[in-house]
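Student: Would you mind keeping the following structure in view while I ask a few things?
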Amino acid sequence: MAYADEVQRYYPRARRARDVAREQLDRLRELDARLDRTLLATSLCRDEVSHAVLPLQERLLGPFVLGGLAGVPFCGVTGMTAYAHHVPDAGAAMIVYGAHVGMSEQGVLGKLSRDGKVAETNCCGALLQAFGRFRAARASHTPHEPALHERDCEQGLLERMLAGRIDDALDHAEPVWAATEVAYHLIHDRIVSLLHAVMPEFKCALIVTLGMVVVNTSPDRDNVVDVRDQDVIRP
Ligand SMILES: [Zn+2]
């Protein structure tokens, strides 16, 4: 199966990231947001492939980084409040968030060829490590109880957040796809919750959000984005 067909098989509504980025800038203009007074915030995985996918930072201010491993907004209430306070006067806020997953040249979901590396790596590595721990626990008939160490707090928190959500993905025929869906919904729910919690802190007239699943591809291919949620909030 051709590479593009393989992407479409998992993500039939996915489109080229550069097209989505252009549309998002048009969307801001249509909402009368000045691009030079719009502060971008991201909740995307720490992975180096994440932030180049939608090059919105070339036209907007920022980014203010809300996200950590797997794209979860580990910034918490404190980080979201700080972001709210940084949006320019009479400006706009734009929050881009989501999960990501690699696709190898052979069309294997969850694997990624990276610049300068022969071996493919897991992508999203944090999510797949968590998934592997839950699967190993299932196989040994013992519950996975994620540790929360200062030296690895984001991974521990990610696994705690996945507990109770990831079970169906363990049994799914396409487990990497299913785990990525779980991650997306986890991130979306956390972003909505944080926004709700700190809404009075936003003094701007406009908050624009974009939730997506990013399919990271080989360095010489276009990245692909499956847009899931878009919202316009006037605080
Ligand atoms: Zn990742």
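Student: Restricting to region 171-222, name every residue that is of a type in the set (Gly, Ala, Ser) and modelled with pLDDT under 95.
Tutor: ALA205, SER218
Student: Consider THR209 against the criteria (1) more than 14 Å from the chain's Cα centre (by Cα); (2) in a strand (DSSP E or B); (3) among the hydroxyl-bearing types (Ser, Thr, Tyr): it satisfies all of them except one. Which criterion is unmet?
Tutor: For THR209, the exception is condition (1).
Student: Are any residues in region 1-41 assigned to a strand (DSSP E or B) and either in contact with an Asp or Glu (Cβ under 6 Å, 6 or more places away or on another chain) or hydroxyl-bearing (Ser, Thr, Tyr) (or both), and if so, which ones?
Tutor: ARG16, THR38
Student: Assuming VAL53 fulfils every condition listed in (1) β-branched (Val, Ile, Thr); (2) closer than 26 Å to ASP220 by Cβ; (3) surrounded by fewer than 20 Cβ atoms within 10 Å (Cβ to Cβ) apart from one, which condition is it?
Tutor: Failed condition: (3).
Student: Anything in region 82-134 that is crowded, with 17+ Cβ neighbours inside 10 Å, away from the ligand (no atom under 16 Å from the Cβ) and either without any contact (Cβ under 8 Å) to a residue 60 or more places away in the chain or part of a helix (DSSP H, G or I) (or both)? List them, or say none.
Tutor: If the condition is that a residue be crowded, with 17+ Cβ neighbours inside 10 Å, away from the ligand (no atom under 16 Å from the Cβ) and either without any contact (Cβ under 8 Å) to a residue 60 or more places away in the chain or part of a helix (DSSP H, G or I) (or both), then TYR83, ALA84, PHE134 are the ones that fit.
Student: Could you check, for region 69-78, whether at least one of its residues is within 13 Å of the chain's Cα centre (by Cα), away from the ligand (no atom under 16 Å from the Cβ) and under 28 Å from ALA178 (Cβ atoms)?
Tutor: The answer is no; no qualifying residue exists.
The values are calculated or read from the model by the stated rules, or taken from the named source; none is laboratory data. None of the values given here were measured: they were computed from a predicted structure. When we count neighbours, we look across all protein chains shown, and the Cβ atoms used for this are built from the backbone with ideal geometry, even at glycine.
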